[in-house]
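First up is the structure itself, then whatever we jot down about it.
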Amino acid sequence: MAFFEGLSKIISETGTTAVNKTKEVTEIARLNGAIATEEKVIKEAYAEIGRRYAEKYASEPEEAFADQIAIILEANEKIENYRRNIEDVKGTTICPNCGREVERNKSFCGNCGAKLPQANRESSVPENTEE
């Protein structure tokens, strides 16, 4: 009978150790998750600081930031060109009043009712001319 009591004690201790290890691993995972969340907050704050600086000083950046500001300005210009290309492909434009996408042949914005400039109704997609 002593054998079974000893075996029971070993099983009980092993179970307790396993439960404690599980609690430890769970707590470590929770804390690592909290760290990751705070690191994300910091990263977003740094990004916001950079965005605000770039917006405020883009025309006259400090020398240490001039190369990065130039990269941002160039990328923004490319993005704007890509957006215009998408509009050309789709045959749309952006309402200057509300910012919604509108078909080029429309005289008024379907969202806000603003009168659209005449240029918006003319297709800016060049016709394919074969020579």
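Each value in this text was obtained by applying a stated rule to the coordinates, not by laboratory testing. Fair warning: this is a prediction, and the values are worked out from it, not measured in the lab. Positions of Cβ are generated from backbone atoms using ideal geometry, with glycine treated the same way; all protein chains shown enter the neighbour counts.
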* **All-pairs Cα distance distribution in region 1-57, expressed in whole percent, bin size 5 Å** => 4, 16, 9, 11, 8, 7, 9, 6, 7, 5, 5, 4, 3, 3, 2, 1, 0
* Structure fact -> Per-residue ellipticity at 222 nm attributable to helices in the chain (runs of n ≥ 4 DSSP H, -39500 (n - 2.57) apiece, nearest 500 deg cm²/dmol) works out to -24000 deg cm²/dmol
* To do: Return one number: the angle in degrees, 0 to 90 and rounded to the nearest 10, between the long axis of the Cα atoms of helix 2-57 and the longest principal axis of the Cα atoms of the chain.
  => 20
* Pick the calculated percent of Cα pairs over 26 Å apart for this structure from (i) 17; (ii) 11; (iii) 64? -> (iii)
* Asked: How do 10-20, 99-109 rank on mean C-beta neighbours within 10 Å, highest first?
  -> 99-109, 10-20
